[in-house]
1. How much net charge surrounds residue 199 when only the other residues with a Cβ under 12 Å from the Cβ of residue 199 are counted, with Lys and Arg +1 and Asp and Glu -1?
2. For residue 64, what charge total do you get from the other residues with a beta carbon under 12 Å from its beta carbon, if Lys and Arg give +1 and Asp and Glu give -1?
3. Report the FRET efficiency, 1/(1 + (r/R0)^6), for residue 37 and residue 112, where r is their Cβ-Cβ distance and R0 is 30 Å, rounded to 0.05.
4. Would you mind counting up the charge near residue 148? Only other residues with Cβ under 10 Å from its Cβ, with Lys and Arg at +1 and Asp and Glu at -1.
5. On a straight-distance basis, which lysines could pair with residue 135 in a cross-link, Cα separation under 22 angstrom, same-chain partners fewer than 8 positions away excluded?
6. In sequence order, what are the phi-derived ³J(HN,Hα) couplings for region 92-98 according to the Karplus relation 6.51 cos²θ - 1.76 cosθ + 1.60 with θ = phi - 60°, rounded to whole Hz, with x for glycine and proline?
7. Ranked highest first by the average count of other Cβ atoms within 10 Å around their residues, in what order do 81-92, 174-185 fall?
8. Loop only by DSSP, 16 or fewer other Cβ within 10 Å of the Cβ. Give me the GluC sites (Glu not before Pro) in region 55-154 that pass, ordered by residue number.
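Values quoted throughout were computed directly from the atomic coordinates according to the rules given, and no laboratory measurement underlies them. Bear in mind the structure is a predicted one, so any value in this text is a computation, not a measurement. As a convention, Cβ positions derive from the backbone with ideal geometry for all residues, glycine included, and neighbour counts pool all protein chains shown.
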Amino acid sequence: MGWIAGTAAAALVAAGAITYAVAEDDGGGGGLSVPGADGADAGFARDMAVHHQQAVEMSYLVRDRTKNPEVRRLAYDIAQTQANQRGMLLGWLDLWDLPKVSAKPPMSWMGMGDMPERGDGSLMPGMATDTELKKLGTLNGKQAEIFYLQLMTDHHKGGIHMAEGCVARCTVAVEKSLAQGMVDAQQSELTTMKQMLRERGAGPRG
């Protein structure tokens, strides 16, 4: 477990470095550049923090529902990565002195604030419903593995769409870089999860 603790500690140090790098990301203007509360930078930070929190929750759920080392390792990686990234996003909002919640609908910064919600706790593309989370918490073994992989596949597809929106619209260079990193990592994990589902005689939903 020592290497796991060391990896987690290194990730936290890196997260702190990236967070405070934002304070120096002034676009060449010579001072702290603070995005607007309704712009893409703040909107992405708020929405992706919520999106990531559910991925962390699902990953901890499946960790306790299966003993399969491959799925547990994937869940651990997703939980640690997205918890650290969520900390960066919320840290940037603090640095910018911007609210962590908005009266506007989710995805408004992408021009999607009027899209219909799935409801039942699913606020943004790819998010699982409360009913689906409860179901995951009742499954065990292979059934839990398959449902988790299906839910996380949907979750990653929604997250990639949001991150690509930040890459196109955000103005803070470090945040754009983080968003591109999310796209690259989650696309790779989608390939891994598709193979893991195939090995279990299943596939993505829809």
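1. Result for the neighbourhood of residue 199: +2.
2. +3
3. 0.95
4. It works out to a net charge of +1.
5. Those lysines meeting the cut-off are 67, 157, 194.
6. 5, 4, 5, 4, 7, 6, 10
7. Per-residue mean Cβ counts within 10 Å order the peptides as 81-92, 174-185.
8. Here the sparse-neighbourhood loop sites are 117.
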